[in-house]
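Trainee: What follows is a single structure, and I will ask about it in a moment.
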Amino acid sequence: MPAALARFERGRREEVEKIQHAADVSLVWFEHVARYLDFEPVQFAFGAMTRAKAITYDNLRLRAPAFVEKMDRAFAEGVRKEGFDVSLDKPAAPMFQPLRLREMVVPNRVAMSPMCMYSAEGGVPNDFHLVHYGARAIGGPGLMFTEMTCVSRDARITPGCAGLWNDEQEAAWRRIVDFVHANAATKFCLQLGHAGRKGATKLMWEGIDRPLESGGWEVMSASPLPYFPNSTVPREMNRADMDAVVTDFVLATERAERAGFDMLELHCAHGYLLASFLSPLTNHRTDAYGGSVENRLRFPLEVFAAMRAAWPAHKPMSVRVSATDWAEGGLTPEDSVAIASAFREAGVDLVDVSTGQTATVSRPLYGRMFQTPFAERIRNEAGTATMCVGNITTPDQINTILAAGRADIVALGRPHLSDPGFTLRAAAWYGADDIHCPPQYAPGKDQIFRNSVRDRADLEDLKVRGRPKTRAELRSPAEQAAT
Ligand SMILES: Cc1cc2nc3c(=O)[nH]c(=O)nc-3n(C[C@H](O)[C@H](O)[C@H](O)COP(=O)(O)O)c2cc1C
């Protein structure tokens, strides 16, 4: 009997855990149902059905195509209300609907998330960056973020981080921005940041967040607390330090405009300088910049306001936040909504919702789309547009998130490292043929779009008759008659 029970448990545990996890996620939806009461009925229903992640945009389309079409149309109607002349007869999938942020139009709702490449020298981006950003922009995301670009030499995380504090860096970024604008429809957003206490550390592949053994520089933070016990102890920032940092962000903002970027993001996440003010785990100050969430917000908001004033009014800005520390005593869900609301009032157009990496006591709960609930909460409680990110790997997940009103745009990081053409391939699958493609690559686009029609038909056949069509059945009637 014990052996039989053990075997039974081995066989069933994973399935039962999956059901329990789905039930938990579902419970959270019901607990917060008030958030969705203003939704259009179709979107509300779609959100209810997809709440536990098992039912998705694509698999629901196989079971209930008419309902998903209705949902697509309702989504397109919302986009039309924003002033876009999009089709209602044959509405594009949500991820291929445009989005407007101030006067910037993002052609689709896929973004490439900011990712440090640790490959700059003296902060100057080089040919690696040109190829990296160039190839990914051609791959079709509506919006692409640069890696965290540092506002001064001592604001860098590592010696390989890109910067924007001198003319050489500005010219190098201008070359990359010009290439992107000449060859892609992608909008290009510069992420500006200051490493704070996580500065003067090693390249990712040599020991992420670990202090440099030589050649480091002095680091500062909201409070004099090291990241790891053996990390450099940062200096607690004084008012003169704050003034200098504000000036650095403003000068970099002016350079970003001259370099031609379409959008600017202020990095307030992942434990870097501005994040160190926001989290109670890293901000132990007793002055006007510590204590309540309003006080912890004071310096990040000051930096944001100075940048907003220097950045053209018609261009949008976003802010990246860590919505939770994943740790006891850290940011609360209420804090994250208060932080997003304060930035919205200060003129933020999009809140880019990440989590964690703020303190080593973090214990994140990873999983598919694990940070999306935080973006959803901020979007529907703070009333800001949000971008979600984190272990989102398929077009199906992107459409499910957007259609359910969990975020306004979806960012992918690592999937873009392995597949620069992620968005183009998704466009082929959903038949979104107005996706931009430079003429040099048009034959590749034609082929993938043709093949996708056949792949979709195979999927339909699989559903209807339990098997794909044979080669003979795939031939046109004329071809069949000729053989
Ligand atoms: C190599 C690498 C570098 C990253 N650098 C940055 C960065 O510079 N700024 C930032 O905000 N996030 C950075 N991130 C986090 C990503 O933007 C993203 O939030 C994270 O990878 C989760 O998304 P994913 O599961 O789609 O990869 C980096 C991630 C990776 C993998």
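The values are calculated or read from the model by the stated rules, or taken from the named source; none is laboratory data. Computed from a prediction, not measured in an experiment: that's the story for all the values here. Here the Cβ positions follow ideal geometry from the backbone for every residue, glycine too, while neighbour counts run over all protein chains shown. Surface areas here come from the heavy atoms of the whole protein model, side chains and all, with no ligands, DNA or RNA. Shrake-Rupley method; radii C 1.70, N 1.55, O 1.52, S 1.80 Å.
Trainee: So in the range 149-163, with the set limited to residues that are over 11 Å from L273 (Cβ atoms) and under 22 Å from the mean Cα position of the chain (by Cα), which one is surrounded by the most Cβ atoms within 10 Å (Cβ to Cβ)?
Mentor: Looking at residues that are over 11 Å from L273 (Cβ atoms) and under 22 Å from the mean Cα position of the chain (by Cα), I get T149.
Trainee: Could you tell me which numbered condition E257 fails, if it satisfies all but one of (1) of a type in the set (D, E, K, R); (2) in a helix (DSSP H, G or I); (3) open to solvent by less than 10 Å² (accessible area, probe 1.4 Å)?
Mentor: It fails just one condition, (3).
Trainee: Another question, then. Quick one: in the range 381-394, of everything that is in contact with a Phe, Trp or Tyr (Cβ under 8 Å, 6 or more places away or on another chain), open to solvent by less than 30 Å² (accessible area, probe 1.4 Å) and not β-branched (V, I, T), which residue is farthest from the ligand (Cβ to nearest atom)?
Mentor: Checking each candidate, the answer is C388.
Trainee: Please go through the range 408-418 and pick out each residue that is open to solvent by 30 Å² or more (accessible area, probe 1.4 Å) and not small (G, A, S). If you could, list the steps in order and put the result at the bottom.
Mentor: Pass one, the range 408-418, residues open to solvent by 30 Å² or more (accessible area, probe 1.4 Å): 414, 417-418.
Matches in the range 408-418: R414, L417.
Trainee: Does A375 satisfy being open to solvent by 10 Å² or more (accessible area, probe 1.4 Å) and under 14 Å from the mean Cα position of the chain (by Cα)?
Mentor: Taking the combined requirement at face value, the residue does not satisfy it.
Trainee: Further, regarding this structure: Which members of the range 74-110 meet the condition of being surrounded by fewer than 17 Cβ atoms within 10 Å (Cβ to Cβ) and in a helix (DSSP H, G or I)?
Mentor: E77, G78, R80, K81
Trainee: Just need a number here: residues in the range 207-251 that are part of a helix (DSSP H, G or I) and modelled with pLDDT under 95.
Mentor: Residues in the range 207-251 being part of a helix (DSSP H, G or I) and modelled with pLDDT under 95: 1 in total.
Trainee: Six or more apart or on different chains, Cβ under 8 Å: which pairs go from a residue in the range 363-380 that's within 11 Å of the ligand (Cβ to nearest atom) to one that's open to solvent by 50 Å² or more (accessible area, probe 1.4 Å) and of a type in the set (S, T, Y)? Could you list them?
Mentor: R368/T393
Trainee: Of all the residues that make up the range 1-56, how many are under 18 Å from L365 (Cα atoms) and aliphatic (A, V, I, L, M)?
Mentor: Of the residues in that region, 7 qualify.
Listed here are the residues, each with its yes/no results for (1) assigned by TED's automatic domain parsing to the domain that holds G271; (2) without any contact (Cβ under 8 Å) to a residue 24 or more places away in the chain; (3) in contact with a Cys (Cβ under 8 Å, 6 or more places away or on another chain).
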{"site": "M204", "(1), (2), (3)": "yes, no, yes"}
{"site": "I208", "(1), (2), (3)": "yes, yes, no"}
{"site": "Y227", "(1), (2), (3)": "yes, no, no"}
{"site": "S231", "(1), (2), (3)": "yes, no, no"}
{"site": "R235", "(1), (2), (3)": "yes, yes, no"}
{"site": "N238", "(1), (2), (3)": "yes, yes, no"}
{"site": "A244", "(1), (2), (3)": "yes, yes, no"}
{"site": "D248", "(1), (2), (3)": "yes, no, no"}
{"site": "A256", "(1), (2), (3)": "yes, no, no"}
